[in-house]
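The structure appears right after this line, and notes come after that.
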Amino acid sequence: MTTPGTNTAYTQRSKLRRFILALSLFSLACLSNSASAYTLLFGKWDDPTRGTGATVSWSFIADGAGVDTSNYHDGNLTGLSSIGTLRLSIDSTYGTGAFDAAVQRAFNTWASVANLHFNHVTDNGSPFAGTTAIDIRIGAYVFASGFAGGAGYGPPGNDLFFPDPLAGDLALSANNNFQIAPGAEGDLLPTPGGAYFNDLEGLVLHELGHTLGLGHSTNPDSVMCGYVDSNFDGSACHYELINRQLDADDIAGMQFLYGPATPPYTVGGNVSGLANNKSVTLLNNGSDIKVVSSNGGFTFANALASGTYTVTVAVQPAGQTCTISNGSGTISNIHITNVSVSCTNTYTVGGNISGLAASGLVLKLNSTNLIIANGANNFKFATALTTGTAYTVSVGIQPVGYLCTVINGSGTISTTNISNISISCARSYTVGGGITGLTKAGLILKLNGGANKIIPSGATSYTFATSLISGTPYTVTFSALPAGLNCTLGNNPGVMGSANITNVNVSCTPQ
Ligand SMILES: [Zn+2]
């Protein structure tokens, strides 16, 4: 934390949670066998027997609903609920539907690990902490303390500490100190305007944990780690990181309350970066096909009772490449929701070809080969590259009787396809000659200072593999001579015409 604003928000956030914290410490003492870091509040929804499932209704508290102060004594929440304003503000920054989607993802995350089923219902307009049949109600209020996050109250059954009407109520700060942070789990939260803003999904996920019955965990990586300062229990929480995935401690706590998610288990996750009007085709275990045409959540149609899952990209979007993380694993008591598909724009590399009237040309893009047909006048590599990638096109194999050179062959991919590479090919001719008197090994020749050509003892002719186009000067030199022989070169140097050179003769005699 580096800015006063950041520290203030953080500290204020912690104060609001003091009430919850007291409950969680008390409940920790109630647990006789707790070797885990998670703690419990008091109740759970539906059957109070721990380990049994629940169906939980939830709503957004209707805009304009106040606070029932007869059930809510903390005094921190004031004014009228304004989820609509908060939603509008978030959506105007992150796109239509972004607010609701972030909240829904938080519900889905908890539902994926425990025997929990959530029903989104229309609110009845009761005040915060007002009596209602709806279990979890999410409102947006002004926190008198200036608190910049949210507060969630546990399930009913704890009138000693707060009355049932307050149970399951969740208040977000109407000040909208929220962001939908870009990036992945564990990434640093950006500090827009220099201040630390809560990641909306991560915060709602945490507060929902309270509304379902979990207290704070001392595990710094857990979602339920108390987002509090050094005066309280969570000074080591990684509140500065994106934290939207439950860790084992969170899962253990929620499964202790509601039991594991029931089979069969779905496999899904999230797609990001997909361009408008594009789609990516995903495959689970090689057979379950899912075509995804927009960013956001996806789930494969076939749920699995057990076994493993492996998600792959079957068809990439046109002009994009998608990569998968968390793509495989073993099904174990939870629905899989964390398969991450990240798509980025990619660009092709190609150009034109001139003068090619032979087969055998192989071009290379970095290390990828492309075979070019006889007579081709353009080329394009199948492999597409992302922005910032360096590319080098070269000739891997020259066509028989032709020499091809590359123009504009290298650069760095920006945001357009590369189409200005030229391959210029021309008829080419070889250089060689006859040999006399070569009675020993050790003769090595070079053409124009190029690669060594080793000539075996007894050879009577040679031809260099490298060919030259008309007008190219050529010089053959001795790179090494056989011991005990003197050798000379005839008809050397010269300039290539329009026929193979066969008269750069080598003549050797004993010393
Ligand atoms: Zn908390």
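The values are calculated or read from the model by the stated rules, or taken from the named source; none is laboratory data. Note that the structure is predicted; figures quoted are calculated from it, not measured. Positions of Cβ are generated from backbone atoms using ideal geometry, with glycine treated the same way; all protein chains shown enter the neighbour counts.
Taking region 150-209 only, how many residues are β-branched (Val, Ile, Thr) and either more than 16 Å from the ligand (Cβ to nearest atom) or farther than 24 Å from ASP123 by Cβ (or both)?
Within region 150-209, the first condition is being β-branched (Val, Ile, Thr), and the residues that meet it are 180, 191, 204.
Checking the rest, the ones that are also either more than 16 Å from the ligand (Cβ to nearest atom) or farther than 24 Å from ASP123 by Cβ (or both) come to 180, 191.
Going through region 150-209 one residue at a time, the tally reaches 2.
Of everything in region 198-225, what is among the charged types (D, E, K, R) and either on the phi > 0 side of the Ramachandran plot or at pLDDT below 90 (or both)? Give them in sequence order. It would help to see each step written out before you state the result.
Narrowing region 198-225 to residues among the charged types (D, E, K, R): 199, 201, 207, 221.
Across region 198-225, the qualifying residue is only ASP221.
Residue by residue, here is whether (1) of a type in the set (D, E, K, R); (2) without any contact (Cβ under 8 Å) to a residue 60 or more places away in the chain; (3) buried (at least 21 other Cβ atoms within 10 Å of the Cβ); (4) in a loop (DSSP other than H, G, I, E, B) holds:
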{"site": "LYS44", "(1), (2), (3), (4)": "yes, no, yes, yes"}
{"site": "SER57", "(1), (2), (3), (4)": "no, no, no, no"}
{"site": "GLY84", "(1), (2), (3), (4)": "no, yes, no, no"}
{"site": "ALA102", "(1), (2), (3), (4)": "no, no, yes, no"}
Q: List the number of the failed condition for THR78; all other conditions in (1) modelled with pLDDT of 80 or more; (2) in contact with a helix residue (DSSP H, G or I) (Cβ under 9 Å, 6 or more places away or on another chain) hold.
A: (2)
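The rows are residues; the columns are (1) farther than 22 Å from ASN243 by Cα; (2) among the hydroxyl-bearing types (Ser, Thr, Tyr).
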{"position": "LEU41", "(1), (2)": "no, no"}
{"position": "LYS44", "(1), (2)": "yes, no"}
{"position": "ILE61", "(1), (2)": "yes, no"}
{"position": "TYR72", "(1), (2)": "yes, yes"}
{"position": "GLY75", "(1), (2)": "yes, no"}
{"position": "LEU80", "(1), (2)": "yes, no"}
{"position": "TYR94", "(1), (2)": "no, yes"}
{"position": "VAL103", "(1), (2)": "no, no"}
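Select from region 226-251 the residues that are small (Gly, Ala, Ser) and either modelled with pLDDT of 95 or more or within 12 Å of the ligand (Cβ to nearest atom) (or both) and list them in ascending order. Give the steps one after another, and end with the answer.
Taking region 226-251 and keeping what is small (Gly, Ala, Ser), we get 226, 230, 234-236, 248.
Once the filter is applied, which keeps residues that are small (Gly, Ala, Ser) and either modelled with pLDDT of 95 or more or within 12 Å of the ligand (Cβ to nearest atom) (or both), region 226-251 yields GLY226, GLY234.
Please tell me if GLY297 is of a type in the set (Gly, Ala, Ser), over 25 Å from ASN378 (Cβ atoms) and not assigned by TED's automatic domain parsing to the domain that holds GLN245. Break it down into steps so the answer makes sense when it comes.
On the way: of a type in the set (Gly, Ala, Ser): yes; over 25 Å from ASN378 (Cβ atoms): yes; not assigned by TED's automatic domain parsing to the domain that holds GLN245: yes.
Criteria met by GLY297.
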Q) Among (1) closer than 17 Å to THR266 by Cβ; (2) part of a strand (DSSP E or B); (3) at pLDDT below 95, where does THR321 come up short? A) (1)
Q: Kindly indicate the residue of region 129-142 that is modelled with pLDDT under 95 and of a type in the set (A, V, I, L, M, F, W, C) and also nearest to the ligand (Cβ to nearest atom) among those meeting that condition.
A: ALA129
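Suppose we filter SER126, SER145 for residues that are assigned to a loop (DSSP other than H, G, I, E, B), modelled with pLDDT of 95 or more, assigned by TED's automatic domain parsing to the domain that holds LEU205 and among the hydroxyl-bearing types (Ser, Thr, Tyr); which single one remains?
On the way: SER145 fails: modelled with pLDDT of 95 or more.
Answer to the check: SER126.
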(Q) THR93 - would you say it is in contact with a strand residue (DSSP E or B) (Cβ under 9 Å, 6 or more places away or on another chain), of a type outside the set (Gly, Ala, Ser), surrounded by fewer than 17 Cβ atoms within 10 Å (Cβ to Cβ) and modelled with pLDDT under 95? (A) yes
Q: State yes or no: is SER89 among the hydroxyl-bearing types (Ser, Thr, Tyr), in the same structural domain as GLY168 (by TED's automatic domain parsing) and closer than 24 Å to PRO192 by Cβ?
A: yes
